[in-house]
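Values quoted throughout were computed directly from the atomic coordinates according to the rules given, and no laboratory measurement underlies them. Being a predicted model, the structure only gives us computed values, none of them experimental. Don't worry about glycine lacking a Cβ; one is built from the backbone with ideal geometry, like all the others, and counts go over all protein chains shown.
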Amino acid sequence: MKAKWFLRIAAILIIVHLLGHAMGHMSWDKPDDPRMQEVVDAMKSYEGQFMGASQSMADYYRGYSLILFLVFVMSVMQLWIASGIIDEHSEAIKKFLYPVSMAYFGFSVIEFVYFFPFAASVSFLAALFTLLAVLLKK
């Protein structure tokens, strides 16, 4: 299989992750568990000062979630663009893809520890396919 296809598979995996993240983002503050709802309500109820801004913990949670959404979109675009030029510019693209792959390996560990196995598996596979594309171009 060509490196191009490994990168496109990685991009599609990140799209799957992005879609799951978007669903979670839209429903995080409406849990079925009544105790979790108490936590969410507490996160929304108090706004504190931090670095000149007054926000609730729910606002920060929502903001970080939106940032991650954009990171996923950016990653998909970067991998898709890289897949189209990896044959012509393999040395430069490989230097770019190593950190992308390592970041997604890192995401997978964090997601496994702090979130859930499905998210971790998708990030791990995206990292693996990205790394395979780099190794294939050696």
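The Cβ shell under 12 Å around Leu79 holds other residues with a net charge of +2, Lys and Arg each +1, Asp and Glu each -1.
Ordering Ser90, Ser27 by the number of other Cβ atoms within 10 Å of each residue's own Cβ, fewest first, gives Ser27, Ser90. Near Pro31, within a Cβ-to-Cβ distance under 13 Å, what is the net charge of the other residues, with Lys and Arg +1 and Asp and Glu -1? The answer is -2. Going through [x] 15.1; [y] 17.0; [z] 16.5, the figure that equals Kirkwood radius over Cα pairs in Å as computed for the structure here is [z].
Lys-Lys pairs in the chain that are eight or more residues apart or on separate chains and whose Cα atoms lie under 25 Å of each other come to 13. Note on Ile81 and Asp29: their simple-model spin labels are 3.3 nm apart, each label 7 Å out from Cα toward Cβ.
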